[in-house]
Amino acid sequence: MPILSLKNVDAGYGKFQILFNITLTAENNEITVIVGPNGSGKSTLLKTVFGLTNVYNGKVFFENKEITKKKPHEIAKLGLTYLPQLNNIFMNLTVRENLELAAYMHSGETMPIEEAVELFPILRSYYERKASTLSGGERQMLAMTMALIRKPKVMLLDEPTANMAPKIAKMIFEKIVELRENFRIAVVLVEQNAKKALEIGDKAYLLVAGRKIFEGHPRELLSKPDLTKVYLGIG
């Protein structure tokens, strides 16, 4: 039984439809990768799961219970966390205060901060620094740790390696695998670095203009140059 599924979902913002008839499943303890060209609806898909868009048709299910009409805070209580590409930490607070606030704001069971920080131990040396002084990679480490504190069953990650140096991006991908392997979290990953994302994924979806044109194993997608070269720039 999938932990998360969308069935024939049409969604968008107001009267502006972005997603068309999307059916998708994400399994427990797996990395589900969503790839596609810019403007294909990848980020909108994550926002739809988290209750941040208008769903015109279709349904969203989490642990076999419909969540289509639920508010984001209600969805978060069930065990989903969503990390947008931007504005995912409190810039005017210290690293320690961000971590404490992540625990304080969550109404369910939380993970001890010192346990969650094991994902990125370097954050311990930044505890008293303002989040605004961190690099892009360090901010992403903080955001992922804040999400982990909430003990999610599913983590929705939107472009976690955007604008990062290759060395930092490589580490973030390794930590996403660690979320699956060590913390048993299902990850739904939207990522522009399609090749690397597909290399760590268990299942792949390719979106083009808001429509699903591929579903299957990442290796299968990588073996289709007619799709990867045209839509993902992988040749």
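The values are calculated or read from the model by the stated rules, or taken from the named source; none is laboratory data. This structure is a prediction, so every number in the text was calculated from the model and none was measured. All Cβ positions, glycine included, derive from the backbone under ideal geometry; neighbour counts span all protein chains shown. Heavy atoms of the whole protein, side chains included, go into the accessibility calculation; ligands, DNA and RNA do not. Shrake-Rupley method; radii C 1.70, N 1.55, O 1.52, S 1.80 Å.
The relative contact order of the chain comes to 27 percent, based on Cα pairs under 8 Å that sit 6 or more residues apart.
Distant-in-sequence amide contacts of F214, defined by a placed amide H-H separation under 5 Å and a gap of 5 or more residues or a different chain, comprise L206. For the chain, a Kirkwood hydrodynamic radius built from all Cα pairs, placed in the Stokes-Einstein relation at 20 °C and 1.002 mPa s, yields a translational diffusion coefficient of 119 µm²/s. 3J(HN,Hα) along the range 56-63: 8, 8, x, 9, 10, 10, 10, 6 Hz, from the Karplus curve 6.51 cos²θ - 1.76 cosθ + 1.60 with θ = phi - 60°, whole Hz, x for Gly and Pro. Roughly what percent of Cα-Cα pairs across the range 158-235 reach past 19 Å? Result for the distance tail: 37 percent. Three semi-axes describe the equivalent ellipsoid of the range 28-135; taken as square roots of 5 times the Cα gyration tensor eigenvalues and ordered largest first, they are 29, 18, 14 Å. Taking every C-alpha pair closer than 8 Å and separated by at least 6 residues, the mean separation divided by the residue count of the range 1-76 gives a relative contact order of 38 percent. A simple rule links phi to the HN-Hα coupling: the Karplus curve 6.51 cos²θ - 1.76 cosθ + 1.60 with θ = phi - 60°, which for the range 191-207 gives 8, 7, 6, 4, 4, 5, 4, 5, 5, 9, x, 9, 8, 10, 10, 10, 9 Hz, with x for Gly and Pro.
When the accessible area of the chain is computed with all protein chains present and a 1.4 Å probe, what percentage of it is carbon and sulfur? Ligands and nucleic acids excluded, carbon and sulfur reach 51 percent. For Y104 and Y56, the FRET efficiency from 1/(1 + (r/R0)^6), where r spans their Cβ atoms and R0 equals 45 Å, is about 0.80. Contact order for the range 46-132, expressed relative to its length and based on alpha carbon pairs under 8 Å spaced 6+ residues apart, stands at 27 percent. Per residue, the accessible area of the range 1-120 comes to 50 Å² when a 1.4 Å probe rolls over the protein heavy atoms.
Close amide H contacts of I234 (hydrogens built in the peptide plane, cut-off under 5 Å, sequence separation of 5 or more or a different chain): K229. For Y56, nonlocal amide neighbours, meaning residues 5 or more places apart or on other chains whose placed amide H falls under 5 Å from its own, are D10, A11, G12. Between L93 and H73, full extension at 0.36 nm per residue minus the direct alpha carbon distance yields a gain of 5.0 nm.
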